[in-house]
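Okay, so here's the structure we're looking at.
The values are calculated or read from the model by the stated rules, or taken from the named source; none is laboratory data. Here the structure is a predicted model, which means the values were calculated and not measured. Note: ideal-geometry Cβ built from the backbone for every residue, glycine included; neighbour counts use all protein chains shown.
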Amino acid sequence: MKQITIISGKGGTGKTSVTAAIATIAKNKVIADCDVDAPDLHLILNPRVKKTMIFHGLKLAKRDKEKCIGCMKCYESCKFDAISDDLEINKDRCEGCGVCQYVCPTDAISMIDRDTGYVYIADTRFGPFSYGVLRTSEEASGKLVSMVRQNALALAEEKKLDLIIIDGPPGIGCPVIASLSGVDAALIVVEPTKSGIHDMERILKVTEHFRVDPLVCINKYDLSIENSIEIEEYCRKNNLEIVGKIPFDERFVNALINGKSIIEYDKECEASRRLVDMWNRIERRLIR
């Protein structure tokens, strides 16, 4: 079974549009949206949810008022100001560290599960789909990403599919690491700007650390030929393969408005043809 994660050093590069296009073309696959902080692949895939699971991230402190003797040790020990002087616990401030439970002499504080998000298993017109949603301001997105990937792996094994396509989160933080570890390749979607080049360099360091084979796609390359050439020169010097150069096309927006991938919307346009060619290159790279 092969796994590929589509990533970018920042948001807004067109990563999800590229993922949707690949999902349209690829065969025998499971799709996973690991951008759990702001998932949007489901807007294109229009999934039919089969199973919903509650995700528990950080723990939450809870005080038993009958056991509490008001010694104030929990209040004095909390470094996050989550406990008020009347010993009420603010769940928005609690980081689940458990120090209050540790110092309590009467076992009046327990750590309980906190509902921080949801994980979904669904069917789509392109195949099985695993995705998750982290509730606003909650933590442990990396742990939720791992759960989404575990479900995708289970789906692939159950249905005897040989590919997992992962729409990764932007940036280089914990959820990105969770979406990259153990995959066979990473497709880095970069835009032709100075900041885009810098973001690509950052994410390449992450792929190098985790020994993931990086591939590069320049999206909207024709908006700045000069910067695209700079990206190509950088990739040439660093022995990186550019598998695709996708032109700017307003049909991407029209496709999104209609809940379709660009290939579904207009398979004959230049962008669609280049995306098909790009996937053929990636597929050959994965199976060799």
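Computed quantities for the displayed model
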item: For LEU43: the one exception among (1) part of a strand (DSSP E or B); (2) closer than 25 Å to ASN258 by Cβ; (3) touching a Gly at 6+ places or on another chain (Cβ under 8 Å); (4) of a type outside the set (Asp, Glu); result: (1)
item: Within the range 24-40, considering residues that are under 16 Å from the mean Cα position of the chain (by Cα) and either of a type in the set (Ser, Thr, Tyr) or surrounded by 24 or more Cβ atoms within 10 Å (Cβ to Cβ) (or both), the one farthest from ASN280 (Cα to Cα); result: VAL36
item: Residue within the range 21-34 that is within 20 Å of THR116 (Cβ to Cβ), of a type outside the set (A, V, I, L, M) and either out of contact with any strand residue (DSSP E or B) (no Cβ under 8 Å at 6 or more places or on another chain) or part of a loop (DSSP other than H, G, I, E, B) (or both) present; result: yes
item: Cβ-Cβ under 8 Å pairs, at least 6 apart or on other chains, the range 222-238 side in contact (Cβ under 8 Å) with a residue 24 or more places away in the chain, far side loosely packed, with under 11 Cβ neighbours inside 10 Å; result: ASN227/LYS194
item: Qualifying residue in the range 158-175 (condition: free of Cβ contacts under 8 Å to residues at least 24 places away in the same chain and over 13 Å from the mean Cα position of the chain (by Cα)); result: yes
item: Yes/no for GLU250 being over 23 Å from LYS2 (Cβ atoms), at pLDDT 95 or above and either surrounded by fewer than 22 Cβ atoms within 10 Å (Cβ to Cβ) or out of contact with any Lys or Arg (no Cβ under 8 Å at 6 or more places or on another chain) (or both); result: no
item: Residue within the range 150-159 that is among the charged types (D, E, K, R) and touching a helix residue (DSSP H, G or I) at 6+ places or on another chain (Cβ under 9 Å) present; result: no
item: Tabulated pairs, the range 26-41, first in the same structural domain as PHE129 (by TED's automatic domain parsing), second surrounded by fewer than 24 Cβ atoms within 10 Å (Cβ to Cβ) and of a type in the set (Asp, Glu), C-beta under 7 angstrom, 6+ apart or interchain; result: ASN28/ASP162
